[in-house]
Amino acid sequence: MIKRDKIMLTGKKTLALTTILFAGVSAFAMSDMDLVKKVTKAGIKPIPSSKMEILKLVDDPKNPITDRKVELGKKLYFEPRLSKSGLISCNTCHNLAAGGVDGVAAAIGHKWTANPHHLNSPTVYNSVLNKAQFWDGRSPHLEDQAQGPIQAGPEMAAPAKLVVQRVTSMPGYVNEFKNTYGSSVKIDFKLIADTIAVFERTLVTPSSFDDFLNGNLDALTSEQKEGLNLFIDKGCTSCHNDIGLGGTMQAFEVAKKYKFASLGDFKGDKNGMVKTPTLRNIEETAPYFHNGGIWSLSEAVKEMGSVQLGLTISDKDAAKITTFLKTLTGEKPTIIYPILPVSTNKTPKPEFN
């Protein structure tokens, strides 16, 4: 603040100084607005600031979100008895307390088995914003995706029939399904997976970056804005765009070979396309890439520059971009660990074969 008694100027000189001060403020604000426009032009959209608008964004008319579905879906998400061994839940590999991931390079599943393709567990947070699910994009939405890991041998290894037997053997679950879907509901495997997906649809994490795009120009520091500008100028938004800053199928190794390409045998879908991971909460989801080959975020930025853009990104520029990427660490929904229904004599026992 500049006090009047410290400025010994009068008349036109005072007016000139005032004009300069306001011109500086105006220019700075315009600079921020120009950056917002630049971000928008690059194809990036914010998570809405309104809870109602977020609900419209993530809801599925075919499987609408209700409070009861969310609560039941949460229990099933944390339910280890959906796995063959009775030890592994969705939260095992997609830990909501740890960025929605497991923190290891290759997912560990049934019988302590590492994923045979050395695939890394992607975050469940904001996964509803993805256009495709799984690294090879084989599922179009969360409802379909939720069926896969439960049945997959290297993951939860539970046949659909066993899952239904476990759930329907517990009166607590049966009653809750009836209260949620009606007394005549048929509890089948699809409904169980669909209910988990409803809960997952609510795991959206708006951040200071969204505040900035939604009009709070002070939500980011000048250093973060500089990193954002560099992120766009380097071409990162060619793959990391829209609301999720990722989640679409893209060609991989466009310019150069990925230096950890030999780690696992994953080659993408039939066309060699790979799902671009979301950058939201990226600082919490190491290790990076489909096979978890890189543990440092700044190193991942440099590798992406080389592999996808054919650029050599300096340590200094990588640090600036990383500073921006940390603005994508969002506010997590409050999750209270659920008390699960009691097993009965009819509940199929854990199997370890």
Taking only pairs six or more apart or across chains, which ones have beta-carbon atoms under 7 Å, a first residue in the stretch 94-121 that is at negative phi and touching a residue at least 60 places away in the same chain (Cβ under 8 Å), and a second residue that is in a strand (DSSP E or B) and among the aliphatic types (A, V, I, L, M)?
Ala106/Ala114
Does Gly264 count as closer than 22 Å to His94 by Cα and under 21 Å from the mean Cα position of the chain (by Cα)?
no
Which members of the stretch 104-122 meet the condition of being closer than 12 Å to Met156 by Cα and touching a helix residue (DSSP H, G or I) at 6+ places or on another chain (Cβ under 7 Å)?
Ala107
Anything in the stretch 247-274 that is outside any loop (DSSP other than H, G, I, E, B) and without any contact (Cβ under 8 Å) to a residue 60 or more places away in the chain? List them, or say none.
Gln250, Ala251
What do you reckon, is Ala319 surrounded by fewer than 18 Cβ atoms within 10 Å (Cβ to Cβ), outside any loop (DSSP other than H, G, I, E, B), modelled with pLDDT of 95 or more and among the hydrophobic types (A, V, I, L, M, F, W, C)?
yes
Which one of these does Leu76 not meet: (1) within 24 Å of Thr278 (Cβ to Cβ); (2) modelled with pLDDT of 95 or more; (3) of a type outside the set (Gly, Ala, Ser); (4) not in a helix (DSSP H, G or I)?
(4)
Return the residues of the stretch 233-246 that are out of contact with any helix residue (DSSP H, G or I) (no Cβ under 6 Å at 6 or more places or on another chain) and either surrounded by 18 or more Cβ atoms within 10 Å (Cβ to Cβ) or in a loop (DSSP other than H, G, I, E, B) (or both); say none if nothing qualifies.
Lys234, Cys236, Thr237, Cys239, His240, Asn241, Leu245, Gly246
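The values are calculated or read from the model by the stated rules, or taken from the named source; none is laboratory data. As the structure is a prediction and not an experimental result, all values here were calculated from the model. Using ideal geometry, Cβ is built from the backbone for each residue, glycine included, and neighbour counts are taken over all protein chains shown.
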